[in-house]
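The values are calculated or read from the model by the stated rules, or taken from the named source; none is laboratory data. Just so you know, these numbers come straight off a predicted model, no measurement behind them. No Cβ is skipped: glycine too gets one built from the backbone with ideal geometry, and neighbour counts run over all protein chains shown. Heads up: the accessible areas ignore ligands, DNA and RNA and are worked out on the full protein's heavy atoms, side chains in. Shrake-Rupley method; radii C 1.70, N 1.55, O 1.52, S 1.80 Å.
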Amino acid sequence: MLQFDEYKVKLNNIKPDLEDLGSALGLTAAERELDMLESESASDGFWDNLEKAQKIQQRIKQLHGKVDGQRRRLQEWDDLMTLCEMGNEEEDESLVPELEEGFEKLTADMEEARLSTLFTGEYDASNVILTIHAGAGGTEAQDWAEMLFRMYTRWAERHDFTYQVVDYQDGDEAGIKSATVMIQGDNAYGHLRSEHGVHRLVRVSPFDANARRQTSFAAIEVMPEIPDDVEVDINPADIEMQVYRASGAGGQHINKTSSAVRLIHKPTGVVVACQTERSQFQNKDTCMRMLRSKLVELKLQAHAEKISDIKGVQLKIEWGSQIRSYVFMPYQLVKDNRSGFETSNVNGVMDGDLDGFINAYLKCEATGTWVTKS
């Protein structure tokens, strides 16, 4: 039957790309590393160093995802080809919808895997520290910041990434003033570095009795979590430590003693805070990790011209500086000002469906075809 023959041609056309994908993903090296780490995890005393063991287990999971993903795609190709042959032999048109759906799923999966090969930045494979700051505008902006907080945590859940809320400052009436989330997963920073910048919301205000349309702004700061083997010279005398009571989302699970920690690096003015753990010492350790990341970032900015590779150009949280606009009224549209990618599925985006924006940014970055250079 013609339809099955057409799909056999399509499948044969994408087979070379599918095979090349294995090389582009570096699967040979990934399999070697996976064997080595699995052997290490089976050795005696592996769990004696809990923190190291957890990091190795996380890396094993990431490598399995990469290796198993390519095996799954190859198996799906074989299954679809078998389906074509069965359909031709039995002249069974009822198999066509399954074939169409399977081919579309396979090509989409290949495209997503191909985009992952664009993560070539020095820290793209790292975990990410994402901070949300409400802009000027009081309750409106603070509510928008909380909406973005939910959007990014939903994105992490959709990708089976883990996240930890490191700091969370409630708004005066609603929403949040700021929040910091550490997201852990394969190429977490590579995915989310495109989100750095000012995000603009246009909607009818739920806080305005006259139901007027309002514009709100929030800023997203995205940093890689710097690995422990990167040397950072921090003089203890340069750090001012403040302690305060933990508060915010999930407060019923957080110790209400003064366990939250804020560190101020006096030479640079960098401030980091953590209140997620019950122990003041654990919060301080997390703050030190965040401080290391920020200081490495500042060092790179001072000695390199590629500032945007790490943190991007710092902009005021106001008109004319936004990287993306989210319009809820009078029409529905989310549009990225750099890649030009847009969608009318506002609800999907706010529920964490950001892959279209991330992929479009990566493509523009790889080809240099920006709508407006960020």
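Annotations for the structure displayed:
- Geometric extent, Cα atoms of the stretch 264-303 - Rg, Dmax (angstrom): 11.4, 38
- Computed FRET value (nearest 0.05) for PHE328 with LYS105, which takes r as the C-beta separation and R₀ as 45 Å: 0.90
- Distance between the stretch 58-75 and the stretch 121-175 - C-alpha centres, whole angstrom: 28 Å
- Point-charge dipole on Cβ atoms (K/R +1, D/E -1) for the chain, about Cα centre, debye to 20: 2380 debye
- Ligands, DNA and RNA aside, TRP77 has an accessible area near 20 Å² when probed at 1.4 Å.
- The 1.4 Å probe gives accessible areas that order ASP170, ASP124, largest first, as ASP170, ASP124.
- Here the scattering of the stretch 101-221 is modelled by Debye summation over its C-alpha atoms, one equal scatterer each and no solvent; at q = 0.14, 0.15, 0.22, 0.23 Å⁻¹ the log10 of I(q)/I(0) is -0.68, -0.75, -1.16, -1.22.
- Expected 222 nm ellipticity per residue - DSSP helices of 4 or more, -39500 (n - 2.57), all of the chain, to 500: -15000 deg cm²/dmol
- Remark: accessible surface ordering of VAL232, VAL327 (largest first) is VAL232, VAL327, probe radius 1.4 Å.
- In the context of the full set of protein chains, residues of the stretch 1-153 present 55 Å² of accessible surface per residue (probe radius 1.4 Å, heavy atoms only).
- Note on the stretch 1-115: Cα convex hull, mean projected area over all directions, 8.7 nm².
- Point-to-point label distance, ASP20-TRP370, nm (Cα→Cβ direction, 7 Å offset): 2.8 nm
- Probe 1.4 Å - accessible area at PHE4, Å² to nearest ten: 0 Å²
- Label-point gap, in nm, between ARG213 and ILE60 - each point 7 angstrom along Cα→Cβ: 5.5 nm
- Normalised by the number of residues in the chain, the mean separation of alpha-carbon contacts (under 8 Å, six or more apart) gives a relative contact order of 15 percent.
- Label sites at SER258 and ALA53, each approximated as a point 7 angstrom past Cα along Cα to Cβ, lie 3.6 nm apart.
- In the context of the full protein assembly, ARG278 retains an accessible surface of approximately 140 Å², using a probe radius of 1.4 Å and ignoring ligands and nucleic acids.
- Fully extending the segment from GLU6 to ASP228, taken as 0.36 nm per residue of separation minus the present Cα-Cα distance, adds 74.6 nm.
- Evaluated at q = 0.06, 0.08, 0.14 Å⁻¹: base-10 log I(q)/I(0), Debye formula over Cα of the chain: -0.29, -0.51, -1.30
- When ASP79, ASP229, ASP186, ASP167 are compared by accessible surface with a 1.4 Å probe, the order from highest to lowest is ASP229, ASP79, ASP186, ASP167.
- Candidates VAL261, VAL346, VAL166, ranked by Gaussian network fluctuation over the chain, Cα under 10 Å, top entry: VAL346
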